[in-house]
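Throughout, read-outs are computed from the coordinates displayed, never taken from laboratory work. Predicted, not measured: the structure shown is a model, and the values here were computed from it. Virtual Cβ from ideal backbone geometry, glycine too; neighbours counted across all protein chains shown.
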Amino acid sequence: MSRLDPLAHDKMDPDFARYYEELARAGGRTAGPYIAYMRNPALFKLNQAYSDAIRASSLTPVERQIAVLVTVRHYNARYAWCVQAKASLAAGVTREMIDAINDRKRPDMAQASEIAIWEVADSLAGKRSLDDAIYARALAALGEQRLIDLVATIGYFSLVGTTLRAFEMDPPEDDPIPLKP
């Protein structure tokens, strides 16, 4: 059971309440970790902007989702896994790749960029470090800008994973690929 409920409208700062209502009407992100962030309007808005920047980065949708899945898997963040597994399928990540990440295994990947992304995400999210050999392979496969965007993606979803675990946010009921223990 989630440790936090959404903040009641009458408990919100009036300016934030208007912003939140507009965002919710437009179908914006208001659930999961945002339930915690809504208690700090500046943090809520910064996370919206950070999330938008990640989506607009130089990584392809498949590359981004591989990084996201590996990161949230390391945090065992059930809510993020549910939402991101759906997004990954929509982005073109295969069910076999998702299942392998869920099993904490490296998926079969042919593209050097996808292998590098998996290695960097697994290393940073799992070991909290990045050795020289993995860094060199990632730089060669991705180039500097895409590597920076990858690290920013991993960092953002580490924040999301930490928030979700701290407040035990429950996944939506329509969980297509439940996170394994």
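Note on N76 and R3: with the Förster distance fixed at 22 Å, the Cβ-Cβ geometry gives a FRET efficiency of about 0.90. Placing dummy labels 7 Å off each Cα toward the beta-carbon, the span from T60 to K45 is 3.7 nm. Under the shape rule built on the C-alpha gyration tensor, where the axes satisfy a ≥ b ≥ c, segment 9-55 is prolate, since a/c reaches at least 1.5 and a/b is greater than b/c.
Over the Cα atoms of the chain, the radius of gyration divided by the Kirkwood radius equals 0.99; this is the Rg/Rh ratio.
Find the relative contact order for segment 115-156 and round it to a whole percent, using C-alpha pairs within less than 8 Å whose residues are 6+ positions apart. Present the calculation step by step, with values, prior to reporting the outcome.
Details: 21 pairs, mean separation 18.9, N = 42.
Value for segment 115-156: 45 percent.
Over the residues of the chain, the helix contribution to mean residue ellipticity at 222 nm works out to -21500 deg cm²/dmol, using -39500 (n - 2.57) for each DSSP H run of at least 4. Lysine pair count for the chain (Cα-Cα distance under 27 Å; residues 8 or more apart in sequence or on different chains): 8. Reducing segment 57-72 and segment 91-105 to their Cα centroids gives an inter-centroid distance of 12 Å. Applying both filters, DSSP loop and at most 16 other Cβ atoms within 10 Å, to the trypsin sites (Lys or Arg not before Pro) of segment 77-132 gives R104, K105, R128.
In a DSSP loop and with at most 15 other Cβ atoms within 10 Å, the GluC sites (Glu not before Pro) in segment 126-181 are E168, E173. Rg and Dmax over the alpha-carbon atoms of segment 61-166 stand at 12.5, 36 Å.
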